[in-house]
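Accompanying notes for the structure given below.
The values are calculated or read from the model by the stated rules, or taken from the named source; none is laboratory data. Only a predicted model underlies this, so the values are computations on that prediction, with no experimental measurement involved. Methodologically, a virtual Cβ is constructed for each residue, glycine included, from the backbone with ideal geometry; neighbour enumeration extends over all protein chains shown. Protein only, heavy atoms only, side chains kept; ligands, DNA and RNA dropped before computing areas. Shrake-Rupley method; radii C 1.70, N 1.55, O 1.52, S 1.80 Å.
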Amino acid sequence: MAVPRLMVVLPTYNEKDNLPLITRALFDLKLPGLEILVVDDGSPDGTGQLAEALRVEYDAKLHVLHRQEKNGLGPAYLAGFQQAIALGAEWIVQMDADGSHQPKYLHTMLEMIQRYDVVVGSRFMRGGGVDTSWSLYRKFLSLWANRIYTPSILHLPVYDATGGFKIWRREVLLGMDLRRIQSNGYVFQVEMTYVAHRLGYRIGEFPIYFPDRTLGESKMSSRVALEAALRVWQILFRHRHLRPSMRQPGPAAPAP
Ligand SMILES: Nc1nc2c(ncn2[C@@H]2O[C@H](COP(=O)(O)OP(=O)(O)OP(=O)(O)O)[C@@H](O)[C@H]2O)c(=O)[nH]1
Ligand SMILES: [Mg+2]
């Protein structure tokens, strides 16, 4: 059987210290057919140039998409997904470059993608967890937002509504019609999961432990969390009309 091409999309903005670590860890998994696509939005710290050096080091197995403007994680992922599809990827891994999404989980998540359309690395299901340094208050608030608040508004069948460590089948990204997705930040994750769910794709969840970013500062704040909570309603009204029959017919997968 031909090995499906696996593309890990890594968005970066000022990740020059993290990028070499995550790319090394990914290639060390020795997963057949694994390639990486770095999506850098002109990082002032030189992450883009560093990615070019890694491209030479890893030969054709690492690709770099340079974008001029920084306009957030959502648009960066969307551009990366389009490029991954254009490069022929069959399975597309969505993963932050900051160390919070640990490559070691990919073995099992890849087994699961054979049975599901999307696999979500889940912090809030049994067996998952968040950084031990999180205060009880922050843990409680995230657990409530992800397991109770968001799923009860959107009727989502997942425990981690804002989870951003995912594997997508190519057909799913094509069928979702990514032009529908408009959000950024935490809400981008919710919107992607909700659209997939409304279109009837099967979503599997796998428990992950989520350490805080290895290097650099977290941008999480109460304002960011509150805005995300309100925007969940916007997602509901924007997409609740979607049905499985409204999947976009995409071109067939390329021959192996
Ligand atoms: N290309 C691109 N990447 C971005 C942008 N914003 C964030 N990223 C990257 O997206 C990933 C996740 O972003 P983070 O800033 O870590 O966001 P977060 O994980 O929600 O928050 P913290 O880790 O708590 O700060 C990281 O790999 C970032 O470098 C952006 O505007 N453009
Ligand atoms: Mg992060």
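Tabulated results
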| read-out | value |
| --- | --- |
| Two-site FRET efficiency, S222 against D59, from Cβ-Cβ distance with R₀ of 45 Å, rounded to 0.05 | 0.50 |
| Whole-Hz couplings from phi, Karplus 6.51/-1.76/1.60, listed for the stretch 162-179; x for Gly and Pro | 9, x, x, 10, 9, 10, 10, 7, 3, 4, 6, 4, 5, x, 6, 6, 4, 5 |
| Solvent-accessible area, 1.4 Å probe, carbon plus sulfur percent, for the chain | 57 |
| The chain - mean residue ellipticity at 222 nm from DSSP helices (-39,500 (n - 2.57) per run, n ≥ 4, rounded to 500) | -11000 deg cm²/dmol |
| Per residue accessible area in Å² of the chain, where ligands, DNA and RNA are left out and the probe is 1.4 Å | 48 |
| Model label zone, R179; criterion: amide N under 19 Å from point 7 Å along Cα-to-beta-carbon; scope the stretch 106-149 | none |
| Hydrodynamic radius (Kirkwood) for the stretch 1-68, which is based on Cα pairs only, to one decimal in Å | 12.1 |
| When the stretch 162-236 is reduced to its Cα atoms, the Kirkwood hydrodynamic radius in Å | 14.0 |
| Percent RCO, i.e. relative contact order, over the stretch 6-246, from Cα pairs under 8 Å lying at least 6 residues apart | 23 |
| FRET E, pair W144, R213, Förster distance 22 Å, beta-carbon r, rounded to 0.05 | 0.45 |
| Placed amide H near Y209: partners under 5 Å, 5+ positions off or other chain | G129 |
| Translational D in µm²/s for the stretch 158-204 (Stokes-Einstein at 37 °C, 0.692 mPa s, Kirkwood Rh from C-alpha pairs) | 302 |
| Centre separation in Å (Cα based) which lies between the stretch 186-200 and the stretch 120-182 | 9 |
| Beta bridge orientation in the chain: antiparallel %, DSSP, nearest 5 | 25 |
| Packing-based ranking, highest mean first, of 39-51, 160-172 given that Cβ atoms within 10 Å are counted | 160-172, 39-51 |
| Directionally averaged shadow of the chain, computed from the convex hull of its alpha-carbon atoms, nm² | 13.2 |
| Share of pairwise Cα separations in the stretch 80-209, more than 19 Å, in percent | 47 |
| Sparsely packed chymotrypsin sites (Phe, Trp or Tyr not before Pro) within the stretch 79-155, loop by DSSP, other Cβ within 10 Å at most 14 | none |
| Trypsin sites (Lys or Arg not before Pro) restricted to the stretch 28-105 and DSSP loop, no more than 13 other C-beta within 10 Å | K30 |
| Formal net charge of residues neighbouring P44 (Cβ-Cβ distance under 12 Å; K, R +1; D, E -1) | -2 |
| Per-pair calculated FRET efficiency, R0 = 22 Å: K30 and T108 via Cβ, rounded to 0.05 | 0.90 |
